Amino acid sequence: FFFLMIRRPPRSTQSRSSAASDVYKRQALLCKQQAVVLCDRGVMDIKAYMTDEEWTILIDDQNTNEMVLRDQRYDAVIHLVTSAKGAEKFYSLENNQARSEGLELAKQIDDKLISCWVGHQELTIVDNSQEGAFERKMQRTLEAALKMLGHDVNVGVYKKYLLEGFKEEDLKQLQKYEKFQVEDYFLEHEELNVENKLRKRGQNSNFTYMHFLRIPGKTPEKRVQLRSQLSARQFRTLIQQQDPNSYPLLYNRYTFAYQHFTFIIDDIYNLPEKYTYLRVETDIEDSSKIVFPPFLKVAKDVTYDFNYTTCLLYTSPSPRDRQKSRMPSSA
């Protein structure tokens, strides 16, 4: 089954929200057919309504951490931007008794809610920029959900850019960003055009483990991705299937939201040359319409440049330090 979270403003405490979603999750596991659990809110939403100190006390009392609540509980997150941002004429207090925020406060809370989920590996932000009002927004949400389930739908293009002169301190100009230490290991697969890999992602000595299977889509710029969460033990077992002709990719990953775009920066440090990529998934084909943070220097668009494909990177000859890092660090 697949655990998908489509978030809206929360009206419950963390423990009650967690308990409710856990019930449905257990029911889905018992279901004999494939099942998708949809939640209209998630436990991380609560952070938007608390101070940092209150949030720290809460998760300490629950003996948990943000990686568990954000990354391990939900396979995907789709954030529907409030109509107060970009569709103001549809924002009203009259048609929703639970709504009490004025226009400006609604915008501020929406920014905080997005910030709460920055760092999730499958965060999609659906804004109000396209024509068609609410119906088009719902269609984009459905397409995003189907894509995350592995369907080849006509939505989203992964754009990839090469950055110059990137420094982590530049990101401090943002409201928030998350940093992770990532290790990608590539497994054998009978089909050459299929990317089969494991990922270990860490933050503050906490780790998540994932398996990715990426296959070609209907067009060259599209790709279908199947992903599943793993336990540390499963990861250690599967790593034995590592392709002997491949090398791991080790990098720092930075994720942040800017102008309703979700950006990822991968700063790869175990290659002969330094590569820093900026990634964004968007349904905007024209790169000139993508709003980049002004402090990032985009060297060029390498989305369709074979010289910068992941396949070429993990099979390229590498210096001695890559040879020493063929197996993962302790899981």
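The values are calculated or read from the model by the stated rules, or taken from the named source; none is laboratory data. Because the structure is predicted, anything quoted here is derived from the model rather than measured. No Cβ is skipped: glycine too gets one built from the backbone with ideal geometry, and neighbour counts run over all protein chains shown. Heads up: the accessible areas ignore ligands, DNA and RNA and are worked out on the full protein's heavy atoms, side chains in. Shrake-Rupley method; radii C 1.70, N 1.55, O 1.52, S 1.80 Å.
Worth a mention:
- Derived scalar couplings ³J(HN,Hα) [the stretch 252-267; Karplus, 6.51 cos²θ - 1.76 cosθ + 1.60; whole Hz; x for Gly, Pro]: 8, 10, 10, 10, 7, 10, 8, 6, 6, 9, 9, 10, 10, 10, 10, 9
- Taking only Cα atoms of the stretch 157-221, radius of gyration then Dmax in Å: 15.9, 45
- Carbon-plus-sulfur accessible fraction, the stretch 43-143 (probe radius 1.4 Å, protein heavy atoms only): 48%.
- Evaluating 6.51 cos²θ - 1.76 cosθ + 1.60 at θ = phi - 60° for every residue in the stretch 77-94, the Karplus couplings come out as 10, 10, 9, 8, 5, 4, 5, 5, 10, x, 9, 4, 5, 9, 8, 8, 8, 7 Hz, glycine and proline recorded as x.
- Note on Asn252 and Glu190: the extension gain reaches 19.3 nm, defined as 0.36 nm multiplied by sequence separation minus the Cα-Cα distance.
- Here, P(r) means the percent of Cα pairs in each 10 Å bin from 0 to the largest distance; for the stretch 175-310 it is 10, 36, 39, 14, 1.
- Heavy-atom accessible area ranking, 1.4 Å probe, most first, across Lys32, Lys297: Lys32, Lys297
- Pair-distance profile P(r), taking every C-alpha pair of the stretch 34-131, with 5 angstrom steps and integer %: 2, 11, 20, 21, 19, 14, 9, 3, 1, 0
- Contour excess over end-to-end distance, with Cα ends at Lys172 and Ile57 and 0.36 nm allotted per residue: 38.9 nm
- Those residues of the stretch 43-59 whose amide nitrogen sits under 15 Å from the label point placed on Gln108, 7 Å along Cα→Cβ: 48-52
- Shape analysis of the stretch 115-237 places it in the oblate category; the axes a ≥ b ≥ c from the Cα gyration tensor give an a/c of at least 1.5, with a/b not above b/c.
- Over 29 Å (Cα to Cα) - which of Lys107/Lys274; Lys85/Lys176; Lys25/Lys289; Lys47/Lys297; Lys25/Lys107 fall in this group: Lys107/Lys274; Lys25/Lys289; Lys47/Lys297; Lys25/Lys107
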